[in-house]
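The values are calculated or read from the model by the stated rules, or taken from the named source; none is laboratory data. Values in this document were obtained by computation on a predicted structure and should not be read as measured data. Glycine also receives a Cβ, built like all others from the backbone with ideal geometry; neighbour counts cover every protein chain displayed. These accessible areas exclude ligands, DNA and RNA; they are computed on the full protein's heavy atoms, side chains included. Shrake-Rupley method; radii C 1.70, N 1.55, O 1.52, S 1.80 Å.
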Amino acid sequence: MQLNDLRPGHGANKERKRRGRGTGSGQGTTGGRGNKGQNARKSGQVRGGFEGGQMPLLRRIPKRGFNNTQFATVYEIVNLADIEERFEAGEVVNAENLKARRLVHCNEDGIKILGNGELTKKLTFEVDKVSKSAEEKINKAGGEIKLIEKVKYTAKKDK
């Protein structure tokens, strides 16, 4: 057998159905879509939640109250176990170093250290928040914590 003798197995390459190419093709006229109706039309598909002109469920349900999700502060979390395996003793754990080691991606709201795992190295932490259990483990290992203060802007008052 030669390389130029190789062919795909029987039934491996199946030709697509050519719809709407005359009645002799077996898929002509309606093209397998049936007669009339929304699904027989050119687009056939509608956006999600569309109920054929009826008032959609999402618009029928009353909306009350306030939702804080768009204003909430979302911290990127890092566990002590991950820091233990990726940092050497004496290093500074801050946003730049965490990003370089791919432990955080984009820290818009800040970084929080959680206490999952053990810490045996003396490290300096410069982050936005630290959990109580993580704080105890860091202090026990001889490390120090410097919390970053966020600057809050207030509206200027007219004099």
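Among the candidates VAL92, VAL46, the residue that is among the hydrophobic types (A, V, I, L, M, F, W, C) and touching a strand residue (DSSP E or B) at 6+ places or on another chain (Cβ under 7 Å) is uniquely VAL92. Residues in the range 121-150 that are touching an Asp or Glu at 6+ places or on another chain (Cβ under 8 Å) and farther than 24 Å from GLU108 by Cα: LYS121, LYS137, ILE138. Based on what the data block shows, is GLY142 without any contact (Cβ under 8 Å) to a residue 40 or more places away in the chain, exposed (fewer than 15 other Cβ atoms within 10 Å of the Cβ), in contact with a strand residue (DSSP E or B) (Cβ under 6 Å, 6 or more places away or on another chain) and assigned to a loop (DSSP other than H, G, I, E, B)? No; evaluated as a whole, the condition is false for this residue. Being free of Cβ contacts under 8 Å to residues at least 24 places away in the same chain and touching a Lys or Arg at 6+ places or on another chain (Cβ under 8 Å) is the filter here; which residues of the range 95-105 pass it? Selection gives ARG101 alone. Pairs linking a residue in the range 33-52 that is within 22 Å of LYS17 (Cβ to Cβ) to a residue that is among the aliphatic types (A, V, I, L, M), with Cβ atoms under 8 Å and 6 or more positions apart or on different chains, are ARG33/ALA40; GLY34/ALA40; GLN38/VAL46. Answer yes if at least one residue in the range 58-65 is modelled with pLDDT of 90 or more, touching an Asp or Glu at 6+ places or on another chain (Cβ under 8 Å) and hydrophobic (A, V, I, L, M, F, W, C), and no otherwise. No, because not a single residue in the range 58-65 is modelled with pLDDT of 90 or more, touching an Asp or Glu at 6+ places or on another chain (Cβ under 8 Å) and hydrophobic (A, V, I, L, M, F, W, C). Only residues that are outside any loop (DSSP other than H, G, I, E, B) and in contact with a strand residue (DSSP E or B) (Cβ under 7 Å, 6 or more places away or on another chain) were counted across the range 121-139, and they come to 9.
Where helices (runs of 4 or more DSSP H) sit wholly within the range 1-120, those with at least 1 residues that are among the hydrophobic types (A, V, I, L, M, F, W, C) and either open to solvent by less than 90 Å² (accessible area, probe 1.4 Å) or within 30 Å of GLU136 (Cβ to Cβ) (or both) occupy 80-86, 95-100.
Test each condition in (1) farther than 18 Å from ALA134 by Cβ; (2) within 30 Å of the chain's Cα centre (by Cα); (3) polar (S, T, N, Q) for SER25 and report the one that comes out false. Evaluating SER25 over (1) farther than 18 Å from ALA134 by Cβ; (2) within 30 Å of the chain's Cα centre (by Cα); (3) polar (S, T, N, Q) leaves (2) as the failure. Checking GLU108, GLU118, GLU91 one by one, the residue that is under 18 Å from LYS146 (Cα atoms) and among the acidic types (Asp, Glu) is GLU91 and no other. When residues in the range 67-82 are screened for being modelled with pLDDT of 90 or more and of a type in the set (Phe, Trp, Tyr), 1 of them pass.
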